[in-house]
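Here's the structure we're looking at; comments come further down.
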Amino acid sequence: RSHLLQGIRHNVQINSLGGTVRVEELEWGEACSHLCPPFDVILLSDCFYDTHSTTKLLKSIAELSGTTTLIIFAHEDRI
């Protein structure tokens, strides 16, 4: 997973988003308070490939969000 995070951090850097975007690793369902929620925006892409982890994912989203958090899910069905 570290190579994925490096790629995301690189994209943040080349798009000059370092002052507004933070990239952190999170295992769904684990404690999130160290990330200092709530967040303004939570963006998820292709996260619903394993239905067994859906409950953990939703727990994390609930812990990371607040009443005004914008949550965006991006998904493409792949057969």
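State the number of residues belonging to region 21-66 that are in contact (Cβ under 8 Å) with a residue 24 or more places away in the chain and among the hydroxyl-bearing types (Ser, Thr, Tyr).
Of the residues in region 21-66, 6 are in contact (Cβ under 8 Å) with a residue 24 or more places away in the chain and among the hydroxyl-bearing types (Ser, Thr, Tyr).
Can you tell me which residues in region 48-68 are surrounded by fewer than 12 Cβ atoms within 10 Å (Cβ to Cβ), part of a helix (DSSP H, G or I) and of a type in the set (S, T, N, Q)?
Result: Thr51, Thr55.
Under 7 Å between Cβ atoms, which residue pairs at least 6 apart in sequence (or on different chains) link something in region 1-20 that is part of a loop (DSSP other than H, G, I, E, B) with a partner that is open to solvent by 80 Å² or more (accessible area, probe 1.4 Å)?
Arg1/Glu25
Can you say whether Val41 is exposed (fewer than 14 other Cβ atoms within 10 Å of the Cβ) and of a type in the set (A, V, I, L, M, F, W, C), as far as the supplied structure shows?
In short, yes.
Hey, among the residues in region 1-18 that are at pLDDT below 90 and not basic (Lys, Arg), which one's nearest to the chain's Cα centre (by Cα)?
Checking each candidate, the answer is Leu4.
Given the criteria closer than 22 Å to His3 by Cα and outside any loop (DSSP other than H, G, I, E, B), does Ile72 qualify? Let's see the steps before the verdict.
On the way: closer than 22 Å to His3 by Cα: no; outside any loop (DSSP other than H, G, I, E, B): yes.
It is false that Ile72 is closer than 22 Å to His3 by Cα and outside any loop (DSSP other than H, G, I, E, B).
The values are calculated or read from the model by the stated rules, or taken from the named source; none is laboratory data. Treat the numbers as computed from the prediction; the structure is a model and nothing was measured. Here Cβ is always computed from backbone atoms with ideal geometry, including for glycine, and neighbour counts include all displayed protein chains. Side chains included, ligands, DNA and RNA excluded: accessible areas come from the protein's heavy atoms. Shrake-Rupley method; radii C 1.70, N 1.55, O 1.52, S 1.80 Å.
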